[in-house]
Amino acid sequence: MLRVMLREFRLILRSPALAGLVVVLPLVMLLVLGGIFRAGIPTGMALAVVDLDRSALSRDITRMLDATPEVQVTHQALSLTEARSLIVSGAVRGAIYLPQGLERDIIRGDRPEVVTFYDNQHMSAGSLVARGARNAVDTALAGLRLSVRQGQGEATVQARVSTQPIPLQAHALFNPAFDYVHFLLAALIPTILQIIAAAATAYAISLDFGPGRHPQVLVRMAGGVLPAMLGKILPYTLVFLLILGLSDIALYGWLDVPLRGSFWLMATGAVFFVLGVQLIGALAFVTTRDMGRAASIIAVITAPAFGFMGLGFPREAMAPLAQAWGAVIPGTWYVQLRIDQSLRATPFEISVMPVLWLATIAGVLCLLVLLRLIRLRRALEAGA
Amino acid sequence: MSVFIAALRAELRGIFADRQVRLIILAALVIYALVYPLPYRAELLRDVPVVLVDLDRTTSSATLARQVDASEAVALTHTALDMGQATRIVHERAAYGVLLIPEGFERALLRGQQSPVALYADASYFLMYQRVMQGAAVPLRQMGAEVEMGRLIAQGTAQDVALAQVSPVSQIEVPLFNPAAGYATYVLPAAFVLILQQTMLMGLALVATRRARGVGHPVWLLLGRMGAWTALYALVLPLYLVVLPALYGLPNLGNPWALLLLGLPFVLATGLFAQCVAALFRQGDVIQVVLLALGLPFFFLSGFAWPVEAIPSHLNAIAQLVPSTAAIDGLVRVTQMGATLQEVSVALWQLWGLVGLFGAIVLYLETRAQRIGMQKRVVA
């Protein structure tokens, strides 16, 4: 088996296709993804103001909007129609409507309407814009309400108490820096590695077991089909674990994503994750004996896997079928483990569950591959 | 002209006669159409479970808890005696937030003092955090406004004046498009465009690696192949971007002509891009793996889910070379936001620009290949 492993390492070094797939491709992906999310939370998203009031107050609100980090007032629209067209064409992500007579109506106590329109088709950007606009208007108006009460002779402190009887102290559990960016990155890297590891393992096996190849040579060298297969798989396990480690060094070391949990739990999970994913690739190939079809199976399982992990739309809110499908994909559990151990500092006895799941998935896949290998050996013996 | 028709027929044969290509271009489209939307079928996040830690145990605290529980976004599903116990429930992912009402909540309210409550929301999941904050903030603000109004009225202020003083303007937020903030409505229209591109890239690149060298003028050869893609995707694209979303109940505001006119350069640019990919990687198996790995990066580079404002400019420049970047933006605006062709003209011209760029590259490659082939024949 060791001889097969050494031969495999030499093969990786000699074959540009193989080296490209298992080393260059993942590294390029790391760089690209790191680049996309490096800048952090988006700021300065374009906003149009439809200011029909043109009063001191409306200018105040516009200034507040500009001072909000999320948004930037880039357009002054003359009508709602114009603002809508700006949103549809993508020139701005939202518009705020300040009606005529705004300041006068407020002073009269007529409660005029301030309307924020935002593009919720692009939900991530749209909700940021809406939040930024809401805060800016709130700030501008809080000043106004305070000054009204002060004008009635209330002391500043008392006025602040009266305008907010039940203040909400909002706290973020686990992720105080609201670091979604690096969190997304920490999940995207395993997702892409899952695709590459499964496909590259299938490809490597196809180089020896594919049509027109001579697996007999390899089997004789290793002394059996199983050691031959292990010798083919394990070198890539090492390579992918190294790449995963490298990405973790970048994430936790360079980008300062917090790591609050147990390193050993993460490492154990990583080993089962990589093995499980590779076994998906191996199983796809030994079942079909054709790289094209194996790639299609791998594509169907791994390409949509990101959605099932629940980073955008949470797993708990999915239909049972979607939850079940997500549960058989190794990446789901590995990403959960990473979030538990990095952001949430989940206690060991809760966080050990995903590791057990990963081990179970890898075990079952291993069994299935073995069953196929027994049939493969018979076929090989019959052929020899 | 005969070269054109021969190339068109050869390309169609290359697509339909090859089992693997058929599998990718047609079967995979169907499978993805079933699998991809599966996680998002629920659309909305309702009644996110939250733990209640009520240290006050008074009528006011119970009222507050009831109002929070009544909101659509969250439900108080668990109660805990202290924060430690509550945090554990959140660790187990049985709940995503903790509402802590401190001791003395009612007393402070009655005395006319500020009476804060604390909300701990699980910030490791963005959508959950948003929902928990929303779900609790609205009833809290309402109850706060009621308390303030009550105090003002008690001081002898008239009710309408009190209301105007508590909230001098009514702030209204109007989500244009996807008003219910449905997750499927948000993500699927863009995902379908990307799936279309990735399967087309994979399938057509495989065809390119497997076809015999064409005979005839390169321009006619290329036009013939482009004709084949157009004919095939004139059927597939509307099915995938109009019929399929309709089956999932997604809104469609788009003008079909705008969709087709934008779809044409998208299909051509993607097909030509596939020829470049094929020339670069040569081996079918390698092409499949590379394109598989590129799907998610292409999606995030397109500036749809991750706002383009946050993507570094050099990466954004590279992203503009991928057809999906302009296509997702343009097609989503047309189908989901009812944009006219004029409103998406930037995307439209960008796609035609890509057609020109990739077309020139492919023509150069084809001409060179023909010349080398000729030289070899002369030498032989």
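Observations on the model:
- Here B:GLU72 fits the description: farther than 30 Å from A:SER296 by Cβ, of a type in the set (D, E, K, R) and in contact (Cβ under 8 Å) with a residue 60 or more places away in the chain.
- Of all the listed residues (B:LEU196, B:LEU204, B:LEU262, B:LEU163), the sole one being touching a Phe, Trp or Tyr at 6+ places or on another chain (Cβ under 8 Å), hydrophobic (A, V, I, L, M, F, W, C), closer than 30 Å to A:LEU128 by Cα and touching a residue at least 12 places away in the same chain (Cβ under 8 Å) is B:LEU196.
- Some residue of the range A:266-289 being within 14 Å of chain B (Cβ to nearest Cβ), at negative phi, surrounded by fewer than 23 Cβ atoms within 10 Å (Cβ to Cβ) and not small (Gly, Ala, Ser): yes
- Looking across the range B:34-70, just one residue is small (Gly, Ala, Ser), under 36 Å from the mean Cα position of the chain (by Cα) and surrounded by 19 or more Cβ atoms within 10 Å (Cβ to Cβ), and that is B:ALA65.
- In the set B:LEU272, B:LEU221, B:LEU259, B:LEU253, only one residue is assigned to a helix (DSSP H, G or I), assigned by TED's automatic domain parsing to the domain that holds B:LEU365 and surrounded by fewer than 23 Cβ atoms within 10 Å (Cβ to Cβ); that residue is B:LEU259.
- B:GLY112 fulfils the conditions (1) in contact with a Leu (Cβ under 9 Å, 6 or more places away or on another chain); (2) within 11 Å of another protein chain (Cβ to nearest Cβ) except for a single criterion, (1).
Rundown of residues vs (1) over 30 Å from B:ALA86 (Cα atoms); (2) in contact with a helix residue (DSSP H, G or I) (Cβ under 6 Å, 6 or more places away or on another chain), yes/no style:
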position	(1), (2)
A:LEU311	no, yes
A:ALA317	no, no
A:GLY363	yes, no
A:ARG378	yes, no
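- Answer from B:VAL346, B:VAL332, B:VAL355, B:VAL362 - the residue that is within 19 Å of B:ARG282 (Cβ to Cβ) and either in contact with a helix residue (DSSP H, G or I) (Cβ under 9 Å, 6 or more places away or on another chain) or not in a helix (DSSP H, G or I) (or both): B:VAL362
- Residue that is nearest to A:LEU193 (Cα to Cα), among those in the range A:316-335 that are more than 8 Å from chain B (Cβ to nearest Cβ) and either surrounded by fewer than 24 Cβ atoms within 10 Å (Cβ to Cβ) or at pLDDT below 80 (or both): A:ILE329
- The range B:123-164, subset buried (at least 18 other Cβ atoms within 10 Å of the Cβ) and among the polar types (S, T, N, Q), residue farthest from the other protein chains (Cβ to nearest Cβ): B:GLN130
- Residues in the range A:294-315 that are at the interface with another protein chain (Cβ under 7 Å from one of its Cβ atoms) and not in a loop (DSSP other than H, G, I, E, B) were compared, and the one that is surrounded by the fewest Cβ atoms within 10 Å (Cβ to Cβ) is A:VAL300.
- Selected residue (only one of A:TRP333, A:TRP264 is among the aromatic types (Phe, Trp, Tyr), assigned to a helix (DSSP H, G or I), closer than 26 Å to B:ALA94 by Cα and free of Cβ contacts under 8 Å to residues at least 12 places away in the same chain): A:TRP264
- Among the residues of the range A:29-51, the ones that are more than 9 Å from chain B (Cβ to nearest Cβ) and surrounded by 15 or more Cβ atoms within 10 Å (Cβ to Cβ) come to 7 in all.
- When the residues of the range B:295-307 are filtered to those that are in contact (Cβ under 8 Å) with a residue 60 or more places away in the chain and more than 7 Å from every other protein chain (Cβ to nearest Cβ), the one that is farthest from B:LEU196 (Cα to Cα) is B:SER302.
- When B:GLU72, B:GLU43 are screened for being at positive phi and at pLDDT below 85, only B:GLU43 passes.
- Some residue of the range A:186-198 being assigned by TED's automatic domain parsing to the domain that holds A:LEU6 and at pLDDT below 80: yes
- A:LEU11 surrounded by fewer than 21 Cβ atoms within 10 Å (Cβ to Cβ) and either among the acidic types (Asp, Glu) or in the same structural domain as A:ILE189 (by TED's automatic domain parsing) (or both): yes
- Strands (runs of 3 or more DSSP E) lying entirely in the range B:25-105 (those with 2 or more residues that are within 11 Å of another protein chain (Cβ to nearest Cβ)): B:48-54, B:97-101
- Meets criteria (out of contact with any Asp or Glu (no Cβ under 6 Å at 6 or more places or on another chain) and more than 25 Å from B:THR367 (Cβ to Cβ)) for B:PRO265: no
- As a summary of the residue check, B:GLN283 satisfies the conditions (1) more than 14 Å from chain A (Cβ to nearest Cβ); (2) in contact with a helix residue (DSSP H, G or I) (Cβ under 8 Å, 6 or more places away or on another chain); (3) not β-branched (Val, Ile, Thr) except for the one numbered (1).
- Unique residue being over 20 Å from the mean Cα position of the chain (by Cα), among the hydrophobic types (A, V, I, L, M, F, W, C) and not in a loop (DSSP other than H, G, I, E, B) when the list is A:ALA379, A:ALA324: A:ALA379
- Test: residue in the range B:226-236 that is outside any helix (DSSP H, G or I) and surrounded by fewer than 20 Cβ atoms within 10 Å (Cβ to Cβ): no
- Taking the listed residues B:ILE361, B:ILE328, the one that is closer than 30 Å to A:LEU193 by Cβ and either not assigned by TED's automatic domain parsing to the domain that holds B:TRP229 or not hydroxyl-bearing (Ser, Thr, Tyr) (or both) is B:ILE328, with no other qualifying.
- Conditions (1) modelled with pLDDT of 90 or more; (2) not in a helix (DSSP H, G or I); number of the one not met by A:LEU365: (2)
- Flag for B:MET149 being under 23 Å from A:VAL114 (Cα atoms) and either in a helix (DSSP H, G or I) or not basic (Lys, Arg) (or both): yes
- Flag if A:PHE183 is facing chain B (nearest Cβ under 10 Å), at pLDDT below 75 and crowded, with 22+ Cβ neighbours inside 10 Å: yes
The values are calculated or read from the model by the stated rules, or taken from the named source; none is laboratory data. Predicted, not measured: the structure shown is a model, and the values here were computed from it. All Cβ positions, glycine included, derive from the backbone under ideal geometry; neighbour counts span all protein chains shown.
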